[in-house]
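Reading through the structure tokens given below for one structure.
The values are calculated or read from the model by the stated rules, or taken from the named source; none is laboratory data. Model, not experiment: these values are computed from the prediction. Don't worry about glycine lacking a Cβ; one is built from the backbone with ideal geometry, like all the others, and counts go over all protein chains shown. Calculation scope for accessible area: heavy atoms of the full protein, side chains included, ligands and nucleic acids excluded. Shrake-Rupley method; radii C 1.70, N 1.55, O 1.52, S 1.80 Å.
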Number of protein chains: 2
Amino acid sequence: MASDTILLDHGAGGRASHELVGRIFAGRFSNPLLDPLDDAAVLTPPPGRLSISTDTFVVDPVVFPGGNIGSLAVHGTVNDVCMRGAKPLWLTVGFVLEEGLSIALLTTIVESMARAATEAGVVIVAGDTKVVGRGQADKIFINTCGIGVIPEGLDLGAHLARPGDAVLVSGSMGDHGVTILAQREGLNLDAPLKSDSASLNGLVADLLAACDGVHVLRDPTRGGLATTLNEIAATSRVAIELQEGAIPVDPVVQGVCELLGLDPFYLANEGKLICIVQGGQAQAALTALRAHPLGGNAAIIGQVKEAPAGRVWMHTRVGGGRILDMLSGEPLPRIC
Amino acid sequence: MASDTILLDHGAGGRASHELVGRIFAGRFSNPLLDPLDDAAVLTPPPGRLSISTDTFVVDPVVFPGGNIGSLAVHGTVNDVCMRGAKPLWLTVGFVLEEGLSIALLTTIVESMARAATEAGVVIVAGDTKVVGRGQADKIFINTCGIGVIPEGLDLGAHLARPGDAVLVSGSMGDHGVTILAQREGLNLDAPLKSDSASLNGLVADLLAACDGVHVLRDPTRGGLATTLNEIAATSRVAIELQEGAIPVDPVVQGVCELLGLDPFYLANEGKLICIVQGGQAQAALTALRAHPLGGNAAIIGQVKEAPAGRVWMHTRVGGGRILDMLSGEPLPRIC
């Protein structure tokens, strides 16, 4: 009889490993590139440069409102790949499973991954599964590596912000981070909190089709908006000035942040992007973002200045101003 | 003052994460593709099909005679990529670190990775680091994803073994597995045991240059020679017949296997390959393998037959015969 939990044997590379792959992974991830289950997949890339990114997902809890570690592992890497303007094509997947993990939970996670991959139009081409003993991992960790192809002539990067550029976000800040933290604290809220976890490649494609002056795309995940903007300001050697009142934050998120003592500008997003675009194209970019289901709350939140290079400054709602520094202080572990 | 162990803060995506990346990873892995540290790396692939593979390494202990989890994470993925005949080009790296991991140990591991990558001629193009709390992982897990380019006209795969082909191995079986298990058992041996962990791309290149009739290359890692040959026999729908006396096993490995009740044909190798080649080219393949420093003990160990399809049969040293089945039974967890 098949076990209903993960056993050490499932990771030993023998018959039990093959049965696990056959029972849980092979059918749900099936495609002609993966199906041979050889040491490596063989792919024919379309012409163009490739964009490649990797992330390991260790989010706790593994299931949360709006998704689970499986869908997140697809969305997170798809998003990193398309922030360089690429069309994501292929994913590899590496699982670390803790002995005793429920097969039912693993199946839910794998089904979410398969659905998220199909929705994003990416194909899972290679995978690996390891099992470690009880107490040697926490349920499940998932690594994904993503590869996409960059259209000819497109060049986006964190080093390309220029004075005069406009800074936009595609929607409200902090939804994913606050959802995970509220879940972990066991908060029972009347108002629903939900992770924004989603694949942004469709939004990026629409934006780039509408607007040829995009210089930087980044998704503000760990460390949130503030940390990501600091990275851009440092890499591009520019200053960034924000209008606090223009930055969209969901009122429920704002309320829970106040309750938990958190700042939404430092919380992870998993379905939002920052877009830095030539000043004259700010409205065109905004219109393109808002026309997409994932960009309805997009906003112009600030602009790029020449100096002081590397600094992010925020004009606050009450008329003052403050430096918005990188995340430092209380760590928020296992947010993604 | 910088901490001498990993803190949760090192994985939070803020200032401490940046400092860790700057202090441990950036300099040692430095190359023009990685250095921008953007969401994704941008690569220009040479013409040809790509070979792509991923593996997560969870070996316990993390340091062992002949290597550590860092060098192993490079060798293992380089080898999977080149088993399809590819020249490995790029690696991505994803770390999961346990809070409290010694920075000195992490540095040793990262230095081994950097050295192994340089020796194999591959470039680390993207990376990610996550930190989980004490007891939520065991020290360090490393995922690598590798990409290589396959020369025009070359087609190797586990489905391509044909009756009449010869079966070769590039050296002695079981060295890695027995080294890890002996280490874990705390065996103190006079005779030195050492993992065979090594990148095989140079050996593969020499073999393919010498011999155009290679049909299958596989590295017998988890599950060992027996399991890998069963996979090939099943995928190619052929029988494989081995001569036990022809299969090289180091006498020290054989001795420790007898002591621990292990079979070297089921133990992992991390620097050996199985080569299935057109029968008439068996000697040419053997000569090419033996001419390389990593193939000195290469041997012709058997041949491919038509039937019974899917079965691996071994003529034993004492003149009998037995089916060599896939690994099943006692699991050997965390061997790689």
Just to check your reading of the model, which residue among B:V167, B:V178 is of a type in the set (A, V, I, L, M, F, W, C), closer than 30 Å to B:S236 by Cβ and part of a helix (DSSP H, G or I)? B:V178
Residue match in region A:112-123 (condition: outside any strand (DSSP E or B) and free of Cβ contacts under 8 Å to residues at least 40 places away in the same chain): yes
Hey, among the residues in region B:1-29 that are within 8 Å of chain A (Cβ to nearest Cβ) and not in a helix (DSSP H, G or I), which one's surrounded by the fewest Cβ atoms within 10 Å (Cβ to Cβ)? B:L7
What do you reckon, is A:D206 modelled with pLDDT of 95 or more and within 23 Å of A:R334 (Cα to Cα)? no
Report yes if some residue within region A:242-261 is within 12 Å of chain B (Cβ to nearest Cβ), in contact with a helix residue (DSSP H, G or I) (Cβ under 9 Å, 6 or more places away or on another chain) and either open to solvent by 30 Å² or more (accessible area, probe 1.4 Å) or part of a helix (DSSP H, G or I) (or both); otherwise report no. no
Could you grab me the full set of residues in region A:138-162 that are more than 10 Å from chain B (Cβ to nearest Cβ) and touching a Phe, Trp or Tyr at 6+ places or on another chain (Cβ under 7 Å)? A:I140
Give me the residue from region B:119-137 that is open to solvent by 30 Å² or more (accessible area, probe 1.4 Å) and more than 29 Å from B:V216 (Cβ to Cβ) and, out of that set, nearest to the other protein chains (Cβ to nearest Cβ). B:Q136
Might you check whether a residue that is surrounded by 24 or more Cβ atoms within 10 Å (Cβ to Cβ), in a strand (DSSP E or B) and among the aliphatic types (A, V, I, L, M) occurs anywhere in region B:55-64? no
Checking A:R334 against (1) within 27 Å of B:L97 (Cα to Cα); (2) among the basic types (K, R); (3) without any contact (Cβ under 8 Å) to a residue 24 or more places away in the chain, only one condition comes out false. Which one? (3)
Please tell me if B:H159 is modelled with pLDDT of 95 or more and open to solvent by 10 Å² or more (accessible area, probe 1.4 Å). yes
Can you tell me which of A:L324, A:L294, A:L289, A:L332 is more than 14 Å from every other protein chain (Cβ to nearest Cβ) and under 20 Å from A:R222 (Cα atoms)? A:L294
For A:E231, work out the one condition from (1) within 14 Å of chain B (Cβ to nearest Cβ); (2) assigned to a loop (DSSP other than H, G, I, E, B); (3) among the acidic types (D, E) it doesn't fulfil. (2)
Just one of (1) in the same structural domain as A:A268 (by TED's automatic domain parsing); (2) assigned to a loop (DSSP other than H, G, I, E, B); (3) modelled with pLDDT of 95 or more; (4) not charged (D, E, K, R) trips up A:N188, so point out which. (3)
Just to be sure before I move on: is B:R134 more than 15 Å from the chain's Cα centre (by Cα), at negative phi and not in a strand (DSSP E or B) in the structure I sent? yes
The conditions are (1) more than 11 Å from chain B (Cβ to nearest Cβ); (2) under 16 Å from A:I150 (Cβ atoms); (3) among the basic types (K, R), and A:R84 fails exactly one of them. Which is it? (1)
Take the conditions in contact with a Gly (Cβ under 8 Å, 6 or more places away or on another chain), over 23 Å from B:A12 (Cα atoms), not aromatic (F, W, Y) and not in a strand (DSSP E or B) and apply them to B:G85. Does it pass? no
Just for region B:297-321: of the residues that are closer than 20 Å to B:T221 by Cα and assigned to a loop (DSSP other than H, G, I, E, B), which one is nearest to the other protein chains (Cβ to nearest Cβ)? B:G310
Filter result for the condition that a residue is open to solvent by less than 20 Å² (accessible area, probe 1.4 Å) and within 12 Å of chain B (Cβ to nearest Cβ), over A:V214, A:V204: A:V204
Any residue at all in region A:268-279 that is in contact with a strand residue (DSSP E or B) (Cβ under 8 Å, 6 or more places away or on another chain), in a strand (DSSP E or B), open to solvent by 10 Å² or more (accessible area, probe 1.4 Å) and over 24 Å from A:G146 (Cα atoms)? no
Only one of A:L72, A:L97 is more than 8 Å from chain B (Cβ to nearest Cβ), modelled with pLDDT of 95 or more, under 27 Å from the mean Cα position of the chain (by Cα) and within 22 Å of B:I335 (Cα to Cα); which? A:L97
Among the candidates B:G174, B:G186, which residue alone is within 14 Å of chain A (Cβ to nearest Cβ), out of contact with any strand residue (DSSP E or B) (no Cβ under 8 Å at 6 or more places or on another chain) and of a type outside the set (K, R)? B:G174
Would you mind stating whether A:V110 is within 20 Å of A:T221 (Cα to Cα) and more than 13 Å from every other protein chain (Cβ to nearest Cβ)? no
